[in-house]
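The values are calculated or read from the model by the stated rules, or taken from the named source; none is laboratory data. Note that the coordinates shown come from a computational prediction; the quantities given were computed from them, not determined experimentally. Glycine also receives a Cβ, built like all others from the backbone with ideal geometry; neighbour counts cover every protein chain displayed. Please note that ligands, DNA and RNA were not included when accessible areas were found on the heavy atoms of the full protein model with its side chains. Shrake-Rupley method; radii C 1.70, N 1.55, O 1.52, S 1.80 Å.
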Number of protein chains: 2
Amino acid sequence: MAEVLVKDLFSDQHFAEDEEIVLHGWVKTVRGSKRVGFIELSDGSSMKHAQIVMRSDLENYAEMTKLPLSSTIKVVGTVVYTPDAKQPLEVHASKIVLEGASDNDYPLQKKKHTYEYLRTMAHLRPRTDTFYAVFRIRSLAAFAIHQYLQEHGFTYVNTPIITSSDSEGAGEMFRVTTLDMNNLPKTEDGKVDDSKDFFKAETNLTVSGQLQVEAFALSLRDVYTFGPTFRAEDSHTARHASEFWMIEPEMAFADLHDSMKVSEELLKSVVSYLLKHAKDELQFLNDNVDDDLLDRLHQTISEKFAEITYTQAIEELEKAPVKFDVPVKWGIDLQSEHERYLCEQVYGRPTFLTDYPRDIKAFYMRDNDDGKTVAAADMLVPRIGELVGGSQREERVAQLEQKIKDFNLPPKEYEWYSELRKYGETPHSGFGIGFERLLMYVTGMENIRDVIPYPRTPGNAEF
Amino acid sequence: MAEVLVKDLFSDQHFAEDEEIVLHGWVKTVRGSKRVGFIELSDGSSMKHAQIVMRSDLENYAEMTKLPLSSTIKVVGTVVYTPDAKQPLEVHASKIVLEGASDNDYPLQKKKHTYEYLRTMAHLRPRTDTFYAVFRIRSLAAFAIHQYLQEHGFTYVNTPIITSSDSEGAGEMFRVTTLDMNNLPKTEDGKVDDSKDFFKAETNLTVSGQLQVEAFALSLRDVYTFGPTFRAEDSHTARHASEFWMIEPEMAFADLHDSMKVSEELLKSVVSYLLKHAKDELQFLNDNVDDDLLDRLHQTISEKFAEITYTQAIEELEKAPVKFDVPVKWGIDLQSEHERYLCEQVYGRPTFLTDYPRDIKAFYMRDNDDGKTVAAADMLVPRIGELVGGSQREERVAQLEQKIKDFNLPPKEYEWYSELRKYGETPHSGFGIGFERLLMYVTGMENIRDVIPYPRTPGNAEF
């Protein structure tokens with residue numbers, strides 16, 4: 001008797017009529033009449049469920065047709081192919097063993113639940129088909145990213161999570177401490193004595209690994225981080241979480257267009273990987289969550305992305321027959337409404353915006369010769385807005401140090417960052433992708449909380 | 001003129017005598033006489049350096065032979081194969097352009113530096129050959145882990161970093177907060193009012209994703225986490241860091257031996273991957289850091305690991321002709337000295353110890369029928385001691401709830417964890433690998449600080 005997985009049943013493997021197989025799994029649905037009963041069985045190996053057919057002469061037939069959902073069972077049976085039926089095959093059970101009975105109050109009964117309700121049970125929602133599909137895609141997308149980058153010679157670098165520096169010179173951060181909050185050590189002037197803290201200094205959770213990964217690009221050439229980042233912003237939107245993952249590739253001897261090219265290829269390769277390896281999951285989400293999903297993904301890989309400058313974008317937006325909540329003029333930080341208008345209405349596909357105003361972008365971006373703009377490029381995508389933010393980095397040490405001053409950053413803290421240039425200036429560029437935004441794009445889910453296993457948002461760090 | 005990488009020069013690709021190529025890279029060494037000069041050039045694409053030959057008729061010959069180390073240059077030249085020389089090829093330069101001059105005070109001059117000194121410049125040490133090798137291996141090992149698990153049907157799950165639960169019921173944790181430490185909100189009884197904190201509760205950095213990933217195993221069957229974990233212990237050893245990465249696979253419908261089998265196969269597959277894809281790096285480390293490295297790695301993949309019970313191990317240790325610092329008796333938590341004695345002296349290879357005393361292991365491990373031990377298995381490896389810790393999880397809800405009481409844990413906090421059983425008990429097992437310990441094993445580095453890009457230890461969170 002061979003132990004098999006549900007995915008084996010739906011693979012090329014053929015099972016003979018008299019070949020006894022064993023399956024273990026969870027009961028997804030169950031129904032039975034006097035003479036015959038059916039269990040849909042999931043064992044986690046596939047989006048598909050196995051249809052188990054029980055005849056009333058099964059030893060424990062009555063009990064099995066009344067199983068609470070989510071009970072675990074062992075099924076012994078044979079495969080019967082049914083090419084003319086909705087299901088291509090059934091498993092005719094000769095024996096079913098109840099391994100773990102679920103309680104009758106199992107909260108995920110057959111009826112549809114709202115995503116809000118399911119968020120209150122992050123430990124159980126992976127048992128639903130929708131979240132099964134989303135979290136399989138999350139895993140496959142992460143691997144596709146690693147695979148693309150590794151195959152292209154990139155080195156994966158784990159930049160630190162706890163940090164004493166603030167890489168953006170902005171962004172609200174979470175403090176990390178082991179001080180006893182009920183008995184804080186104080187300095188003479190009555191302030192908290194950070195020198196008594198675990199790291200003998202104030203430390204925070206990282207908002208980006210970019211500055212730290214640049215140091216590795218300036219030795220290993222093409223590198224990337226892929227890890228969690230944090231923002232302590234009191235945002236309650238569907239697009240913001242307090243904890244999220246970022247992919248940050250960084251390339252030495254590369255200019256802005258090299259970086260844009262890699263980001264476009266990377267996105268296309270992830271989408272292609274999913275279209276190949278997550279067929280069932282994407283089809284399910286297309287049928288049940290976002291009926292535009294498959295079209296959008298196929299279009300993403302088939303067309304060259306558009307490219308315009310920020311200045312051209314402002315001109316497009318100024319002549320748009322649309323009233324935006326935030327009025328458009330040169331110098332504004334574009335909002336999601338503007339970004340989506342451009343890539344959805346004007347260009348109808350992912351669109352790069354380049355050469356943003358110097359004053360609205362980070363200090364490390366390379367100044368263009370016009371004195372007004374920087375060599376930055378964001379990739380905007382339909383439904384999401386900004387998916388990728390990238391730039392060429394300021395490699396000229398004099399300009400960098402001036403900019404650190406202009407942005408009122410403490411030069412002492414950025415000394416090591418300047419030294420990366422002092423010891424061999426190298427043109428280099430990179431970009432950051434918000435992993436969860438990418439997942440919203442490739443799953444059709446509309447709330448970032450629904451693509452994160454255990455989402456963290458203001459007021460919520462349960463589990 | 002083709003832009004090429006140093007790795008291309010050492011690949012199967014052949015370059016014709018008159019084919020002009022362009023290289024960009026960093027000057028690793030430079031020397032010159034009146035008539036001829038040499039630059040060793042690294043461009044980050046390979047452990048190998050390209051030997052650049054300059055003749056004195058080169059336009060800027062004098063300047064180029066005096067370049068400060070770590071300057072970046074562009075070289076135009078042709079490839080000359082030298083099969084009889086130490087270097088299989090040279091690049092004869094027709095033109096060299098200085099792109100970024102390094103300062104003369106570049107701290108990594110040719111002489112050997114101690115690892116301690118290099119740790120003070122985590123941003124520059126990747127420019128040394130040793131750390132280049134270590135961090136390339138770190139990246140390749142991470143990918144090998146993902147690849148093995150994905151190919152075996154495992155789903156990658158990003159468990160939360162910020163958490164309100166303490167998965168081990170032990171371990172010192174870092175607090176995460178946005179409260180103003182100089183102006184803390186207080187409750188009526190004078191304590192810090194955690195309900196005013198960002199997440200409206202006390203939150204900490206995770207010590208393990210295991211409990212959270214179990215929820216996913218009970219739907220997706222075979223899953224894993226691979227992310228940063230944290231311990232706020234005041235340890236100053238060469239084996240402990242405050243921030244480190246863990247791989248935690250978890251499998252449903254799997255017992256302890258299934259889990260041990262996967263951990264052995266996973267380790268062997270990582271080592272095989274490195275022997276294939278990090279040849280130059282491993283050879284360099286074998287020649288310069290640990291001359292036993294390659295032998296150890298080849299042995300790791302060639303033999304079945306040993307397996308004994310904890311009780312047998314205690315008997316071995318009791319009859320050992322060695323005086324241990326911590327005396328041996330049944331019930332002790334084994335120390336590194338004991339672990340290394342067993343796998344180095346007694347078995348001479350990686351060794352599983354199984355069935356540890358219940359009282360020294362975590363609450364979630366499955367009780368054996370003897371009432372004294374649990375279904376746990378640690379993998380001990382030479383030079384390191386414990387590399388993997390695994391167990392079958394207690395899936396029986398009554399036993400689990402009793403154990404939560406026995407271990408004095410707050411039942412309310414573990415309600416969701418019990419519910420994973422209540423809604424369909426499923427035998428399941430898993431293990432955790434400390435990624436940095438694995439890296440010490442496969443690089444020969446002896447201090448955990450030297451396998452982490454930016455190590456965090458008590459008193460140190462620089463960069």
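Results for (1) among the hydrophobic types (A, V, I, L, M, F, W, C); (2) within 26 Å of B:Val223 (Cβ to Cβ), shown as yes or no for each residue.
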{"site": "A:Ile39", "(1), (2)": "yes, yes"}
{"site": "A:His49", "(1), (2)": "no, yes"}
{"site": "A:Met64", "(1), (2)": "yes, no"}
{"site": "A:Leu67", "(1), (2)": "yes, yes"}
{"site": "A:Ser71", "(1), (2)": "no, yes"}
{"site": "A:Pro107", "(1), (2)": "no, yes"}
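From (1) more than 30 Å from B:Gly209 (Cα to Cα); (2) more than 18 Å from the chain's Cα centre (by Cα); (3) not aliphatic (A, V, I, L, M), pick out the condition that doesn't hold for B:Glu281.
Evaluating B:Glu281 over (1) more than 30 Å from B:Gly209 (Cα to Cα); (2) more than 18 Å from the chain's Cα centre (by Cα); (3) not aliphatic (A, V, I, L, M) leaves (2) as the failure.
Scan the stretch B:349-358 residue by residue and report those that are farther than 14 Å from B:Thr311 by Cβ and open to solvent by 30 Å² or more (accessible area, probe 1.4 Å).
The one that is farther than 14 Å from B:Thr311 by Cβ and open to solvent by 30 Å² or more (accessible area, probe 1.4 Å): B:Arg349.
Hey, can you tell me all the residues within the stretch B:193-202 that are open to solvent by less than 40 Å² (accessible area, probe 1.4 Å) and either within 23 Å of the chain's Cα centre (by Cα) or modelled with pLDDT of 95 or more (or both)?
Within the stretch B:193-202, B:Asp193, B:Asp197, B:Phe198, B:Phe199 meet the criteria.
Of all residues in the stretch A:75-105, count the ones that are under 19 Å from A:Glu3 (Cα atoms) and either among the charged types (D, E, K, R) or not in a strand (DSSP E or B) (or both).
The total comes to 3.
Please go through the stretch B:33-45 and pick out each residue that is among the polar types (S, T, N, Q) and within 14 Å of chain A (Cβ to nearest Cβ).
Across the stretch B:33-45, the qualifying residues are B:Ser42, B:Ser45.
Would you point out the residue of the stretch B:94-142, among those that are within 27 Å of the chain's Cα centre (by Cα) and among the hydroxyl-bearing types (Ser, Thr, Tyr), that is farthest from the other protein chains (Cβ to nearest Cβ)?
Looking at the filtered set, the residue picked out is B:Thr114.
Condition first: part of a helix (DSSP H, G or I) and over 19 Å from A:Leu140 (Cα atoms). Now tell me which residues in the stretch A:279-297 satisfy that.
A:Asp287, A:Asn288, A:Asp295 - these are the residues of the stretch A:279-297 that are part of a helix (DSSP H, G or I) and over 19 Å from A:Leu140 (Cα atoms).
Looking at A:Asp197, A:Asp258, which is the one that is more than 8 Å from every other protein chain (Cβ to nearest Cβ) and free of Cβ contacts under 8 Å to residues at least 60 places away in the same chain?
A:Asp197
Just give me the residues in the stretch B:143-157 being farther than 26 Å from B:Lys412 by Cβ, touching a strand residue (DSSP E or B) at 6+ places or on another chain (Cβ under 6 Å) and in a loop (DSSP other than H, G, I, E, B), in sequence order.
Result: B:Gly153, B:Phe154.
Which of the residues that make up the stretch B:46-82 are open to solvent by 30 Å² or more (accessible area, probe 1.4 Å) and within 14 Å of chain A (Cβ to nearest Cβ)?
B:Lys48, B:Lys74
Filter the stretch A:255-270 down to the residues that are touching a helix residue (DSSP H, G or I) at 6+ places or on another chain (Cβ under 9 Å) and surrounded by fewer than 22 Cβ atoms within 10 Å (Cβ to Cβ) and list them by number.
Answer for the stretch A:255-270, where residues must be touching a helix residue (DSSP H, G or I) at 6+ places or on another chain (Cβ under 9 Å) and surrounded by fewer than 22 Cβ atoms within 10 Å (Cβ to Cβ): A:Glu265, A:Lys268, A:Ser269.
Given the residues A:Leu205, A:Leu211, which is the only one that is at the interface with chain B (Cβ under 10 Å from one of its Cβ atoms) and farther than 25 Å from B:Asn183 by Cβ?
Going through A:Leu205, A:Leu211 in turn, just one is at the interface with chain B (Cβ under 10 Å from one of its Cβ atoms) and farther than 25 Å from B:Asn183 by Cβ: A:Leu211.
Of the conditions (1) open to solvent by less than 60 Å² (accessible area, probe 1.4 Å); (2) modelled with pLDDT of 95 or more, A:Gln87 satisfies every one except a single condition; which number is it?
Of (1) open to solvent by less than 60 Å² (accessible area, probe 1.4 Å); (2) modelled with pLDDT of 95 or more, only one is false for A:Gln87: (2).
Quick grid of which residues meet (1) open to solvent by 10 Å² or more (accessible area, probe 1.4 Å); (2) of a type outside the set (D, E, K, R); (3) over 22 Å from B:Asp129 (Cα atoms):
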position	(1), (2), (3)
A:Gln150	yes, yes, no
A:Ile162	no, yes, yes
A:Lys186	yes, no, yes
A:Asn204	yes, yes, yes
A:Gln212	no, yes, no
A:His236	yes, yes, yes
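Would you pick out the residues in the stretch B:307-323 that are under 29 Å from B:Thr443 (Cα atoms) and exposed (fewer than 15 other Cβ atoms within 10 Å of the Cβ)?
B:Val322
Determine whether the stretch A:391-401 contains at least one residue that is open to solvent by 40 Å² or more (accessible area, probe 1.4 Å) and closer than 17 Å to A:Pro357 by Cα.
Scanning the stretch A:391-401, I find at least one residue that is open to solvent by 40 Å² or more (accessible area, probe 1.4 Å) and closer than 17 Å to A:Pro357 by Cα, so the answer is yes.
With the requirement that a residue be within 12 Å of chain A (Cβ to nearest Cβ) and in contact with a Phe, Trp or Tyr (Cβ under 6 Å, 6 or more places away or on another chain), what does the stretch B:428-457 give you?
Once the filter is applied, which keeps residues that are within 12 Å of chain A (Cβ to nearest Cβ) and in contact with a Phe, Trp or Tyr (Cβ under 6 Å, 6 or more places away or on another chain), the stretch B:428-457 yields B:Phe435, B:Glu436, B:Tyr454.
Among the residues of the stretch B:409-427, write down those that are out of contact with any Gly (no Cβ under 8 Å at 6 or more places or on another chain) and away from chain A (no Cβ under 13 Å).
The answer is B:Pro410, B:Pro411.
Only one of B:Arg383, B:Arg449 is open to solvent by 10 Å² or more (accessible area, probe 1.4 Å) and in a loop (DSSP other than H, G, I, E, B). Can you tell me which?
B:Arg383
Under 7 Å between Cβ atoms, which residue pairs at least 6 apart in sequence (or on different chains) link something in the stretch B:387-414 that is on the phi > 0 side of the Ramachandran plot with a partner that is acidic (Asp, Glu) and part of a helix (DSSP H, G or I)?
Close Cβ pairs (under 7 Å, with a partner that is acidic (Asp, Glu) and part of a helix (DSSP H, G or I)) do not exist here.
Tell me which of these A:Ser70 doesn't satisfy, since it passes every other one: (1) of a type in the set (Ser, Thr, Tyr); (2) under 29 Å from A:Arg119 (Cα atoms); (3) assigned to a strand (DSSP E or B).
Of the numbered conditions (1) of a type in the set (Ser, Thr, Tyr); (2) under 29 Å from A:Arg119 (Cα atoms); (3) assigned to a strand (DSSP E or B), the odd one out for A:Ser70 is (3).
Which residue, of A:Lys276, A:Lys304, is of a type outside the set (Phe, Trp, Tyr), in a loop (DSSP other than H, G, I, E, B) and open to solvent by 30 Å² or more (accessible area, probe 1.4 Å)?
When all the criteria are applied, what remains is A:Lys304.
For the stretch B:386-414, enumerate the residues that are part of a loop (DSSP other than H, G, I, E, B) and touching a strand residue (DSSP E or B) at 6+ places or on another chain (Cβ under 7 Å).
Matches in the stretch B:386-414: B:Glu394, B:Glu395.
Tally time: how many residues in the stretch A:69-128 are more than 30 Å from A:Phe463 (Cα to Cα) and hydroxyl-bearing (Ser, Thr, Tyr)?
4
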